[in-house]
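The values are calculated or read from the model by the stated rules, or taken from the named source; none is laboratory data. Keep in mind it's a predicted model, so treat the numbers as computed, not measured. Methodologically, a virtual Cβ is constructed for each residue, glycine included, from the backbone with ideal geometry; neighbour enumeration extends over all protein chains shown.
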Amino acid sequence: MLEELEKKLGYSFKDKELLRRALTHVSAEKRKHYETLEFLGDALVNFFVVDLLVGLYPDKREGFLSARKGFLISEKFFNELARKLELPKFIRIKRGRVNETIVGDVFEALWAAVYLDSGRDADFTRELFYRHFKDDILRALKEGRADKDFKTRLQEITQRRWKERPQYRVVSVEGPEHEKRFVVEVDVKGKKAFGEGRTKKEAEQRAAEAMIKKLEEELG
């Protein structure tokens, strides 16, 4: 199984245990699981995406870059990229199911594992990441998928129809400090929708997206 993933990745691990750990959920192994690697991988993948964005748009302001970064490091987009490697089928888990959150975490852990196994070679790890996913990122940018700021779109809708702003509220925060899950509620004229994410901002975007779909269905 590990050899199959290595072949898809185009990288052979010197330390196979490092790869195995990146693929292991805490329910399968209480001490050698992916959580610490995911913490490191989150920072690495953020850097790869930001570095690419700054190279593509050297004269754009922070707001422009942040909006696109938000999509490109989202759980939803990570799951798209992870499917290219068929990553879900390699994940070791004993309880529950392999959901989007776990796939997103393992995706980040995998790149941390490559980074550590390569002797902390950030340039090598970044180029391998780009080899697999740069075209996907560029396509998302070209198609405007990364431009979608659902909070802004929702506010434009509510201002136009009712001269009001959506109201957001954090419903719950669960999980350990480095693996929090936020649930946010958005209220528009008494109508409610919910969103979940690894950050408050991501959860708000998901809630806004859900509300837009609800309004489109009800109001046409």
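Observations, loosely collected:
- Residue count for segment 157-171 satisfying the condition of being assigned to a helix (DSSP H, G or I) and surrounded by 12 or more Cβ atoms within 10 Å (Cβ to Cβ): 4.
- Conditions (1) touching a residue at least 24 places away in the same chain (Cβ under 8 Å); (2) more than 16 Å from the chain's Cα centre (by Cα); (3) buried (at least 16 other Cβ atoms within 10 Å of the Cβ): number failed by L110: (2)
- Pairs where the first residue, in segment 35-50, is in the same structural domain as F78 (by TED's automatic domain parsing) and the second is modelled with pLDDT under 95 and outside any helix (DSSP H, G or I), C-beta under 7 Å, 6+ apart: E35/V26; V45/I73; N46/I73; V49/I73
- Among the residues making up segment 81-97, those that are farther than 20 Å from R139 by Cβ and either surrounded by 11 or more Cβ atoms within 10 Å (Cβ to Cβ) or without any contact (Cβ under 8 Å) to a residue 12 or more places away in the chain (or both) are P88, K89, F90, I91, R92, I93, R97.
- From E204, E143, E174, residue being surrounded by 12 or more Cβ atoms within 10 Å (Cβ to Cβ), closer than 28 Å to A43 by Cα and not hydroxyl-bearing (S, T, Y): E204
- Flag if E179 is within 18 Å of N46 (Cβ to Cβ) and out of contact with any Gly (no Cβ under 8 Å at 6 or more places or on another chain): yes
- Condition met for D187 (in a helix (DSSP H, G or I) and not aliphatic (A, V, I, L, M)): no
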